[in-house]
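Engineer: Provided herewith is a single structure, encoded as structure tokens, for subsequent inquiry.
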Amino acid sequence: MESYELAAVAAVTTRPAAEYRTIGVAPVTPVIGAEVTGVDLAQELPAEQLAEVKAAFLRHHVLVLRDQHISDEDHKRFAAHFGELRPVNPAPPEGDPYILEISTDPAAANVAGNGWHADGTADEEPSLGSMLYISRIPEGNSGGDTLFANMHLAYEMLSPALRTLLDGLTAVHDGGLALKGYTPPADYVIPVSEHPLVVWHPETDRPVLYVNGAYTARIPQLAPDESDALLRFLCEVPARRPMLTCRIRWAPGTLVFWDNRCTQHHALYDYYPLTRYGRRVALNGGPLKG
Ligand code: SIN
């Protein structure tokens, strides 16, 4: 690796250890993800435990909480400690407006999220984070894992010259790109927003490479062919650098809470023609800071 890449990795791996008093935190990899134990989401969590979960979230970006037995109300109560609940858009025809069903029909040709992305980046104020609670995994099959990538490190491992170029650019995120054959309700307004290519995390003040293959359409400051080539290179970073990623294996009762501001995820569809089912709650984020 180049010296700037090594320096970026070392800045993460040599951080002083974090101390927790009320929860267990076991990193999934040195750079992303942690399994959290000692938490029962069916109960209201004490303030100290919530503060420790929040600290672990900001440090590891993706938290995995296993063996949870929760209702929609428990799910939303836990989520609401971290931000304002985000209504599902387009609104579900029935049921709770804050719960998105992540459901694979038998023998579906594709599934939502089967590609690197962060949730809702075409919105003017993209989502802070999402919490997916899986209750059914593909029967007799070990598939349906989700991959996550650390987009702070994705940025920090780029060469200084490329980082300087990106710092002055924006990108257009177009919700229409992610529809891929899905026809939304007639009154759905497809979101399209322009965001800095590099944004700063509002809570940790670390830079993030903020483009993803599902939503990012173009870099308006560049010629179309330049924009296509640079976006292809940047959107492929999570796939090209496995060390940025972790792979989470689900079991019924697993809840994963991820930070949409600094990670991308990819739901693997390696269980055709079987099914998988979960419920997701998302949180509103604020304006992005470039
Ligand atoms: C999503 O993209 O939010 C779905 C993730 C998953 O199904 O694992």
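Engineer: Residues in segment 99-135 that are more than 12 Å from the ligand (Cβ to nearest atom) and not in a loop (DSSP other than H, G, I, E, B): how many?
Structural biologist: Residues in segment 99-135 being more than 12 Å from the ligand (Cβ to nearest atom) and not in a loop (DSSP other than H, G, I, E, B): 1 in total.
Engineer: Of the conditions (1) at pLDDT 95 or above; (2) in a loop (DSSP other than H, G, I, E, B), E139 clears all except one; give me its number.
Structural biologist: Condition not satisfied by E139: (1).
Engineer: To continue, here is another question. Need at least 1 residues that are free of Cβ contacts under 8 Å to residues at least 40 places away in the same chain per element, so show me which strands (runs of 3 or more DSSP E) inside segment 176-290 make the cut, counting only ones lying wholly within it.
Structural biologist: 192-196
Engineer: Here's a follow-up. Is it the case, given these coordinates, that T275 is more than 28 Å from A42 (Cα to Cα), open to solvent by 10 Å² or more (accessible area, probe 1.4 Å), hydroxyl-bearing (S, T, Y) and more than 10 Å from the ligand (Cβ to nearest atom)?
Structural biologist: Considered against the rule, which asks whether it is more than 28 Å from A42 (Cα to Cα), open to solvent by 10 Å² or more (accessible area, probe 1.4 Å), hydroxyl-bearing (S, T, Y) and more than 10 Å from the ligand (Cβ to nearest atom), T275 comes out as no.
Engineer: So if I check each of E101, E84, which one is surrounded by fewer than 15 Cβ atoms within 10 Å (Cβ to Cβ), touching a residue at least 24 places away in the same chain (Cβ under 8 Å) and within 27 Å of T275 (Cα to Cα)?
Structural biologist: After ruling out the rest, the residue left standing is E101.
Engineer: Which residues, counting only those in segment 194-249, are in contact with an Asp or Glu (Cβ under 7 Å, 6 or more places away or on another chain), buried (at least 16 other Cβ atoms within 10 Å of the Cβ) and over 12 Å from M151 (Cα atoms)?
Structural biologist: The answer is Y215, A217, I248.
Engineer: Could you list all residues from segment 43-77 that are without any contact (Cβ under 8 Å) to a residue 60 or more places away in the chain, open to solvent by less than 40 Å² (accessible area, probe 1.4 Å) and under 18 Å from I134 (Cβ atoms)?
Structural biologist: D74, the sole residue that qualifies.
Engineer: Pick from N150, N89: which is within 14 Å of the ligand (Cβ to nearest atom) and out of contact with any Cys (no Cβ under 6 Å at 6 or more places or on another chain)?
Structural biologist: Going through N150, N89 in turn, just one is within 14 Å of the ligand (Cβ to nearest atom) and out of contact with any Cys (no Cβ under 6 Å at 6 or more places or on another chain): N89.
Engineer: Give the residues of segment 1-42 that are assigned to a strand (DSSP E or B) and open to solvent by 60 Å² or more (accessible area, probe 1.4 Å), sorted by residue number.
Structural biologist: Step one: list which residues in segment 1-42 are assigned to a strand (DSSP E or B), which gives 24-27, 34-37.
Within segment 1-42, P27, T37 qualify.
Engineer: Another question, then. Considering only residues that are within 12 Å of the ligand (Cβ to nearest atom) and more than 15 Å from the chain's Cα centre (by Cα), which ones fall in segment 232-262?
Structural biologist: R249, W250, T254
The values are calculated or read from the model by the stated rules, or taken from the named source; none is laboratory data. None of the values given here were measured: they were computed from a predicted structure. Counting neighbours? That spans all protein chains shown, and the Cβs are built from the backbone with ideal geometry, glycine included. The accessibility values were calculated without ligands, DNA or RNA, using every heavy atom of the protein model including side chains. Shrake-Rupley method; radii C 1.70, N 1.55, O 1.52, S 1.80 Å.
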